[in-house]
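Trainee: Starting off with a structure, shown below.
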Amino acid sequence: MHEWMGDNSHTPHIVVDTSVESVSVPVEHVKDGKIILNISESAAHNLKLTNDAVSFRARFGGVPFDVWAPMQSVLGIYARETGQGMIFSHDAENTDNIEPPELRAEIEETRSRPHLTIVK
């Protein structure tokens, strides 16, 4: 998904559950136990996406920070421009991909508003 979004000039974001053990993110940017992270090439330096974790170095308010998020903490990935993406289920019993309403609201908040104006 990350590669496809980049190929289509979209900005990939992941939603991370910060209550999962060993998550390392700047706590001042956590909201309601979750954080939304921009993992585009321009924002996430030394990005490593493995079966075990997502890790990269990024700036938060101008301060560099090494992010570490185990895969079980990643709730979903979506394109900022469209809000389209995928919600992950880590529960073996829950196989449906229904978006939690609170996650959908977070995705909607990060979408950029149209900035087109009518020119006559």
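Trainee: Under 7 Å between Cβ atoms, which residue pairs at least 6 apart in sequence (or on different chains) link something in region 1-15 that is in contact (Cβ under 8 Å) with a residue 40 or more places away in the chain and among the hydroxyl-bearing types (Ser, Thr, Tyr) with a partner that is outside any loop (DSSP other than H, G, I, E, B) and surrounded by 17 or more Cβ atoms within 10 Å (Cβ to Cβ)?
Mentor: Going by the 7 Å Cβ cut-off, the qualifying pairs are 11/79.
Trainee: Something else now. How about region 1-44: which of its residues are within 17 Å of residue 65 (Cβ to Cβ), assigned to a loop (DSSP other than H, G, I, E, B), of a type in the set (A, V, I, L, M) and touching a strand residue (DSSP E or B) at 6+ places or on another chain (Cβ under 8 Å)?
Mentor: 23, 25, 39, 43, 44
Trainee: When you look at residue 46, is it under 24 Å from residue 9 (Cα atoms), among the polar types (S, T, N, Q) and without any contact (Cβ under 8 Å) to a residue 60 or more places away in the chain, yes or no?
Mentor: Answer is yes for this residue.
Trainee: Which of the residues that make up region 45-81 are of a type in the set (Ser, Thr, Tyr) and not in a strand (DSSP E or B)?
Mentor: Result: 50, 73.
Rule-based calculations on the coordinates, nothing more; no lab input. These figures come from a predicted structure and were not determined experimentally. Note that we place each Cβ from the backbone using ideal geometry, even for glycine, and neighbour counts take in every protein chain shown.
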